[in-house]
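Reviewing the structure listed below.
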Amino acid sequence: MKGKYTIGQLQKRAADGEKLVMVTAYDYPLACIAERAGVDIILVGDSLGNVVLGYDTTIPVTMEDMLHHTKAVSRAAQKTLIVADLPYGAYEINAEEASRNAMRLIQEGGAQAVKLEGSQWPALVKEMTRRGIPVMAHLGLLPQTASLWQGYHTHGRDEATAWALVEAAQAMEEAGAFAVLLECVAAEAAKLISEKIDIPTIGIGSGPDCDGQVLVSYDLLGMGCAYVPKFVKQYADIGNIIEQGFRAYADEVRQGIFPDATHSVAMDEDEAKRLY
Ligand code: KIV
């Protein structure tokens with residue numbers, strides 16, 4: 001494929017029944033590897049607050065943090081679609097500020113789209129879409145405000161809340177969102193939402209019937225020290241591999257094994273003799 005993967009291509013693939021694959025990445029090397037692995041979308045999630053910056057929540061993550069990490073990812077991902085999170089405080093004040101922040105993530109950061117959390121933003125999504133900003137909506141568990149309001153739990157577990165989520169997703173579709181991310185939504189409700197809207201749904205902890213799936217890369221790779229939710233499947237154990245590498249290096253340094261002659265640059269023999 002030549003050039004960047006577009007939102008239109010993504011939507012067509014989902015409409016043709018192909019599952020979309022999204023992972024988070026926050027830096028250059030991980031984004032290079034994600035692109036090499038052929039994922040469809042890289043999310044520069046504000047989960048970077050928990051995963052790489054060590055915060056308890058995503059609330060402290062700033063626009064400057066998001067820009068810094070989005071720039072690193074976009075230098076790596078030449079073809080993969082990049083979605084960047086609008087962090088807490090970057091879109092709630094008014095449409096002008098939200099649009100300006102979204103455009104910074106696209107123009108300065110190199111993302112192709114932004115994501116924002118909550119069902120209360122159809123008017124904002126409509127305005128941002130009118131201004132040419134592709135928006136992914138995020139419904140269900142909303143990490144930016146969960147610690148303040150709803151807590152951390154599965155959404156749409158009864159008929160009424162499942163239909164409320166359907167209506168919220170439909171409102172986002174009508175407003176112009178190009179996809180809806182569903183976090184911790186009961187599998188049956190996520191299936192219903194996926195059937196009731198034409199734009200792709202991307203699930204995390206929301207069962208198998210979404211049009212695509214997303215996981216936090218550090219969770220799926222077994223690489224972090226942040227809390228790992230129950231719905232995560234771990235596909236690799238990179239954390240232990242890294243730890244083993246550090247331990248082996250430390251042992252060799254402490255025993256004087258590293259660096260040996262093959263990992264040192266020697267002087268010319270005659271020059272060396274002159275030194276002593
Ligand atoms: O910030 C993030 O990584 C997310 C995921 C939970 C999908 O929004």
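The values are calculated or read from the model by the stated rules, or taken from the named source; none is laboratory data. These numbers were taken from a predicted model, which means no experiment stands behind them. Because the Cβ atoms are built from the backbone with ideal geometry, glycine has one as well, and the counts that use them run over all protein chains shown.
General remarks:
- Residue in region 46-61 that is touching an Asp or Glu at 6+ places or on another chain (Cβ under 8 Å) and part of a strand (DSSP E or B) present: no
- Criterion: surrounded by fewer than 24 Cβ atoms within 10 Å (Cβ to Cβ), basic (Lys, Arg) and part of a loop (DSSP other than H, G, I, E, B) - qualifying residue of Lys79, Lys71: Lys79
- Sole residue being at pLDDT 95 or above, in the same structural domain as Ala177 (by TED's automatic domain parsing), in contact with an Asp or Glu (Cβ under 8 Å, 6 or more places away or on another chain) and within 15 Å of the ligand (Cβ to nearest atom), chosen from Leu20, Leu30, Leu105: Leu20
- Some residue of region 108-125 being touching a residue at least 12 places away in the same chain (Cβ under 8 Å), assigned to a helix (DSSP H, G or I), in the same structural domain as Asp209 (by TED's automatic domain parsing) and of a type in the set (Asp, Glu): no
- Qualifying helices (runs of 4 or more DSSP H) (wholly inside region 167-276; at least 2 residues being outside the structural domain of Asp40 (by TED's automatic domain parsing) and more than 14 Å from the ligand (Cβ to nearest atom)): 238-254, 269-275
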